[in-house]
Amino acid sequence: MIDRSPDSRRAGFTLIEMMVTLGIVMVALGLMVPSLSEAFRSRKLTNAGQVIVRTMNRARSDAVSRKQAFTVVFVKSGVRLFKEPKGADPGGFIGGIEAVESDGKSLIHFTLRFARDNGMEQDELEEINEEIERGQDLGETNDIFVRFLPDGTVDFNKNNDISSAEYTANRDADIIIRQDGLDRMKGLIDIRPTGRVAFKVEEVVEDE
């Protein structure tokens, strides 16, 4: 005998609701998983950009607060903060190298598009700044660096400022970061003459 009581009919309808809801959740998860997977894989790319931006922000903050120029020097494995001489203060490096990749896997590669005439690849950089360690002035070395002046602005020295419009349009940037195995994504860093630094991760356009 089939139970046709109101309670039985209500229970059946609830089961259908649950199945529909479960189906919607499964479809949503199916759409989300690729995005989450790519976000997880690009974490090294994001971390690398954050290391550079954090060092630049510190350089700018210290330059303004101490009324003394601070410089971010680029080396093969990352960046290094340099305090320029002022009065009785001889200046010098502050701390060690801030590596863009902490695990040493060499998956991260950056291009300094602002550097000199045609930009410079990470592999072309020096590793330990021996000239500066010997007390030679930054301007007399072959190092690539960004100088933050006491008013917070940037002195690009012999380098070029890539237009912020190029950064906004995702076409170019002062620094471009790539990650091996993640060809569809790139990190872009914009260094503005005012001293502001911006960073984002974007998809690579097909014809790039």
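Here are some notes:
- Scanning region 150-208 for residues that are at positive phi and either surrounded by 15 or more Cβ atoms within 10 Å (Cβ to Cβ) or modelled with pLDDT of 95 or more (or both) yields a total of 3.
- Close pairs (6 angstrom Cβ cut-off, 6 or more residues apart or separate chains): closer than 17 Å to Ile176 by Cβ in region 66-80, of a type in the set (Val, Ile, Thr) and assigned to a loop (DSSP other than H, G, I, E, B) anywhere: Gly78/Val100
- Qualifying residue in region 157-168 (condition: out of contact with any Asp or Glu (no Cβ under 9 Å at 6 or more places or on another chain) and under 26 Å from Asp103 (Cα atoms)): no
- Restricted to region 20-46, and to residues there that are among the hydroxyl-bearing types (Ser, Thr, Tyr) and surrounded by fewer than 12 Cβ atoms within 10 Å (Cβ to Cβ), the residue that is modelled with the highest pLDDT is Thr21.
- Total residues in region 91-120, condition part of a strand (DSSP E or B) and without any contact (Cβ under 8 Å) to a residue 12 or more places away in the chain: 1
- Residue check for Glu17: farther than 22 Å from Val201 by Cβ and at pLDDT below 90: yes
- Residue in region 47-69 that is assigned to a strand (DSSP E or B) and either at pLDDT 90 or above or surrounded by fewer than 14 Cβ atoms within 10 Å (Cβ to Cβ) (or both) present: no
The values are calculated or read from the model by the stated rules, or taken from the named source; none is laboratory data. Because the structure is a prediction, the values reported are computed rather than measured. With ideal geometry, Cβ positions are generated from the backbone for all residues, glycine too; neighbour counts draw on all protein chains shown.
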